[in-house]
Structures are given as C-alpha cells and as structure tokens.
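The values are calculated or read from the model by the stated rules, or taken from the named source; none is laboratory data. Being a predicted model, the structure only gives us computed values, none of them experimental. All Cβ positions, even for glycine, are placed from backbone atoms using ideal geometry, and neighbour counts span all protein chains on display.
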Amino acid sequence: MKYDISVIPGDGVGPECVNGACTVLRAVEKRFAHTFNFHEYLAGGAAIDKFGVALPDETVKGVRNTDSLLLGAVGGPRWDKCETQRPEQALLGLRAELNVFANLRHVVLFNALKCACPLKDNIIEDGINIMIVRELTGGIYFGKSGKSADGSSAFDTEEYSVFEIERILNKAINVAKTRNKKITLVDKANVMESSRLWRRVAEKIFAQHKDIQIEYMYVDNAAMQLVRNPKQFDTIVTSNLFGDILSDEASQLAGSIGMVPSASLGEGGFGMYEPVHGSAPDIAGMNKVNPIATILSAAMMLRYSFNLDYEASAIDDAVTAMLDKTKFRTPDIATKESNIIGTDEMSRMIAQYVECC
C-alpha cells in the first residue's frame, strides 16, 4: 500500500523528532512492504522566517492533498515579540482548516520507566494507561477575545455549541469502546454555564450507550485525582482548555513529557499527529531530545488514519522492547544506571527493533 504523508518539521527540536519518526516509518516500510511518500511543508516559526506568516496557504493546500500530517513542535522565544504572527497560530489554523476537532493524548507508563514516574509504587501498581480526548477547535481558544484601549483589562470567551459537544462525546465513546468502556467527563459545571451545557448534552447521549460507564468530575478535582489515584481513569473527555492543562499534567505520569504522543482527528480518516511536548529551544540541535513521543505519534497515525493496527503495534512493541531489554535512554528518562544516548541513536535502535521483532 502507498500513503502520502505531509511532514512539517516545526521549530526547535521538532525537526530532530520528526526525522526520528520518519526513520522508524522507513523501517515499517521495509518490514511490511508499504510505501510512505513524505511531502515536507513549513509552519510555525520557520514559516514566519521564510514567508512572513505562520501558516502559508501553500502548506494548507499541500497538507489537504495528502493522507495524514506528521507535525513537529512549533514556537520558541525568538518569535515572542512578533506582534502580528505567532508560531502557535499555525497550530490553531491547521486544526481549523483541517477540521480536526478531537485530540487524543495517550498517557502510558511503560514498566521500564516506573522509576521515572514521580508517584509512589503503591499508587502506580501495575502501570498507568489513560486516554485523554480533548475537544480541539472550540472553547476559549477560539472564542471572542480582546482588550481595552489602554490595556488595563482583557477578556477571552468560553463558548460551545451542542453540535461541538455531541461530536466530541461521540468520538470519546468510540475510543472508550476499544478500551475499558469507562468515561470521565471533566468540566466546571458548578461555576460555568458552558460546562452545564456539556452535562446536559452528555446525559442525553450516554442514555443511549448503557454499556459505557460514565462519571462526572470537576476539573480541579480531576487535577488532584490524576496524582492521587490515576488508575481510576481510563478515558477522559473534556474541553479544549481543560484538556490542554490536564494532558500536560498527566504526561508526567509517563515519566517524561517526551513519552506522550497525540492524534488530532476529524470525521474522516485524515489525522494530524504530533508529540505533546514543546519545541525545547534550549536543547535544539544538540541530539538530546527524546524522539519517542513523535515515534509513538507515527504509530497512532498508522492505527487511526491508515487502519494498520498490526504495523502500529510493531512500533509500540519496538519501543517497549527498547526500554525493557536495554539501558539506553535519552537524558530526560535516564537514571544512574542508564547509558545515555542521543536522539538519532534512539530512533535508529527503535527502527532496528521494528525490522527484526
């Protein structure tokens, strides 16, 4: 089978991580006789430098003509003073242009990395496996915003429609049915009118899915429970803002934010795949960044966009084998007993496991 994949390397450590993921995808090609055609485009800070805009029309047009998008982290302090264009606008623009409204962030604590998790062993027990389904194109990030003429006040508006809530809840239900059929809806319904709408819509939808266990939790309590008793969660569904915050918190349960992949999906097969972590400009170009989050994002691409479950599992298994059978680690997940290696070597070793395991 042949697949066309858009690749946006991004900024900072983005290009190193994306290159690592492409190395692993080449190994999948070799083992399973697929063909992945990579088409590179610019977005974020790199696009501002070259074109003066964070998301060029050429990039949007090119990405739309492919089967999926593999994206590196964008942004960095060098663009902080850009008044009209910010690298992060590329992310918001891509989500809107591609109509990818559901962000899946898979937080897994690998057995070999239990020592990197900040929680105690009696809390971790036999591991952590949480899927966070975050609404991606609505809410406060896309609502009305502004500031007073003198800059003494500002506002951002949280707004959701029934349609937006219904489709993200239905996506979460589909995900939960492939897992343990338990969903936690996180909101702030005791304070926010938009959250109360989420609950009203949820009660109507979940009444049609008796096989799904549903619970409701306020976001402040959810933040506490993620570190107090994370094993109570299986699939979490929540708004754009709350999902952004909770998924970064949850990433630390995996031992490092460099271990958490994500998939941004719409109604069809197209998806946008990227690591949860940022561009980490302080270590960019130093061959230090952990590529595993981007590599696992590529695995999610195979699973959700191409329906290549076996091939996706081959990548997941290769990462597990790499961690279980060796002491090689990138700096972020290293212990005193580890042999520290760089981004490129980690990517090559995972690719080798894909080919031979």
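Here are some notes:
- Condition check for Asp324: over 22 Å from the mean Cα position of the chain (by Cα) and assigned to a helix (DSSP H, G or I): yes
- Filter pass, Ile205 being assigned by TED's automatic domain parsing to the domain that holds Ser239, touching a Phe, Trp or Tyr at 6+ places or on another chain (Cβ under 7 Å) and assigned to a helix (DSSP H, G or I): no
- Subset of segment 229-258 that is of a type in the set (Val, Ile, Thr) and in a helix (DSSP H, G or I) - its residue that is modelled with the lowest pLDDT: Ile257
- Yes/no for Asn129 being within 21 Å of the chain's Cα centre (by Cα) and either among the charged types (D, E, K, R) or modelled with pLDDT of 95 or more (or both): yes
- Pairs where the first residue, in segment 322-347, is surrounded by 17 or more Cβ atoms within 10 Å (Cβ to Cβ) and the second is among the acidic types (Asp, Glu), C-beta under 7 Å, 6+ apart: Thr343/Glu16
- Selection within segment 207-231 - in contact with a strand residue (DSSP E or B) (Cβ under 9 Å, 6 or more places away or on another chain), polar (S, T, N, Q) and either more than 26 Å from Asp126 (Cα to Cα) or in contact (Cβ under 8 Å) with a residue 12 or more places away in the chain (or both): Gln213
- Of all residues making up segment 208-228, the number that are of a type in the set (A, V, I, L, M, F, W, C) and either loosely packed, with under 15 Cβ neighbours inside 10 Å or in a helix (DSSP H, G or I) (or both): 6
- Residues in segment 97-112 include at least one that is part of a helix (DSSP H, G or I), farther than 20 Å from Met272 by Cα and not assigned by TED's automatic domain parsing to the domain that holds Thr137.
- The sole residue among Tyr310, Tyr273 that is at pLDDT 95 or above, over 26 Å from Pro118 (Cβ atoms), of a type in the set (Ser, Thr, Tyr) and assigned to a helix (DSSP H, G or I) is Tyr310.
So that you can scan it fast, the table gives a plain yes or no per residue for (1) within 23 Å of the chain's Cα centre (by Cα); (2) surrounded by 12 or more Cβ atoms within 10 Å (Cβ to Cβ):
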residue	(1), (2)
Glu158	yes, yes
Leu169	yes, yes
Thr178	yes, no
Asn190	no, no
Ser194	no, yes
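This table checks each residue for (1) more than 30 Å from Val53 (Cα to Cα); (2) surrounded by fewer than 21 Cβ atoms within 10 Å (Cβ to Cβ).
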residue: Gly76; (1), (2): no, no
residue: Asp80; (1), (2): no, yes
residue: Gln89; (1), (2): no, yes
residue: Arg95; (1), (2): no, yes
residue: Ala102; (1), (2): no, no
residue: Ala116; (1), (2): yes, yes
residue: Gly127; (1), (2): yes, yes
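- Enumeration of residues in segment 41-63 that are of a type outside the set (Gly, Ala, Ser) and surrounded by 15 or more Cβ atoms within 10 Å (Cβ to Cβ): Tyr41, Leu42, Ile48, Phe51, Val53, Leu55, Pro56, Thr59, Val60, Val63
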